[in-house]
Amino acid sequence: MTNTSQFLPPTYEVPKAGGNYMKLAPGNNVVRILSTPILGWEDWKDNKPLRFPMDQKPEKPVDPKRPIKHFWAFIVWDYAEGKLKVMEITQSTIQESIKNLYEDIDWGDPRQYDIDIKKTGEKMETKYSIIAKPPKPITQEIKEKLETTNIDLTELYKGADPFGGKAPEEGSQSGHVEDNYIDSEAIGEKVDQIPF
């Protein structure tokens, strides 16, 4: 039996699960880093992350089967979903690749270009590679979202949601603290110090 009635529009696609946190999918994941990272240590308790600043590394993990990992967290633009997200990286191969780009005289600050993080394999066989895209300014859409969205990365240290704050007030830097925020005028300028 053939159904001739149109149940769904011909161009309909099921929305992606999304969320406010970047999860690397198999294949290519193109992002623009938009903030300096917060750095620290990640432990786990009752399947929930516990994050600590760099100078507060716990002596031993809560669960001896899950070692404490060094993490970076920063704000990114996820091109696949067209939205701001928090990206946390604990994989040393990704951290080292981004650090190498940052230290390279020809690439420099990774907020000035898109990066493609390619994920292949599964579980213990997972591998990551990084490809830097040619430098270009961010779009007006990204600038506007960044300026009007309150994201406080330091909330991760408290176990809270970095997106949980109220909308930014007029004249504020989107509620971002210290140098975890890069305003639209700073995009395109070379920043001398990033704590990578």
Next on the checklist: Residues that are closer than 15 Å to T36 by Cα, of a type in the set (A, V, I, L, M, F, W, C) and modelled with pLDDT of 95 or more: does region 99-108 have at least one?
Outcome noted: yes
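Yes/no matrix, rows are residues, columns are (1) in contact with a Pro (Cβ under 6 Å, 6 or more places away or on another chain); (2) of a type in the set (V, I, T); (3) not in a helix (DSSP H, G or I):
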| site | (1), (2), (3) |
| --- | --- |
| I117 | no, yes, yes |
| Y128 | no, no, yes |
| I142 | no, yes, no |
| E147 | no, no, no |
| E155 | yes, no, no |
| A160 | no, no, yes |
| F163 | no, no, yes |
Checklist entry - For region 70-108, what are the residues that are out of contact with any Asp or Glu (no Cβ under 9 Å at 6 or more places or on another chain), surrounded by 14 or more Cβ atoms within 10 Å (Cβ to Cβ) and of a type in the set (D, E)? => result D78, E81
Checklist entry - So which residues in region 30-56 are closer than 17 Å to S92 by Cα and without any contact (Cβ under 8 Å) to a residue 40 or more places away in the chain? => result W41, D43, M54
Checklist outcome for this item: With the first residue restricted to region 115-134 and required to be free of Cβ contacts under 8 Å to residues at least 12 places away in the same chain and surrounded by 13 or more Cβ atoms within 10 Å (Cβ to Cβ), and the second required to be of a type outside the set (S, T, N, Q) and not in a helix (DSSP H, G or I), Cβ contacts under 7 Å at 6 or more apart or on different chains are T126/K119
Item to check | Within region 40-59, tally of residues that are surrounded by 15 or more Cβ atoms within 10 Å (Cβ to Cβ) and touching a strand residue (DSSP E or B) at 6+ places or on another chain (Cβ under 6 Å) | outcome: 7
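The values are calculated or read from the model by the stated rules, or taken from the named source; none is laboratory data. No experiment lies behind these values; they were computed from the predicted model shown. Cβ: placed from backbone, ideal geometry, glycine included. Neighbour counts: every protein chain shown.
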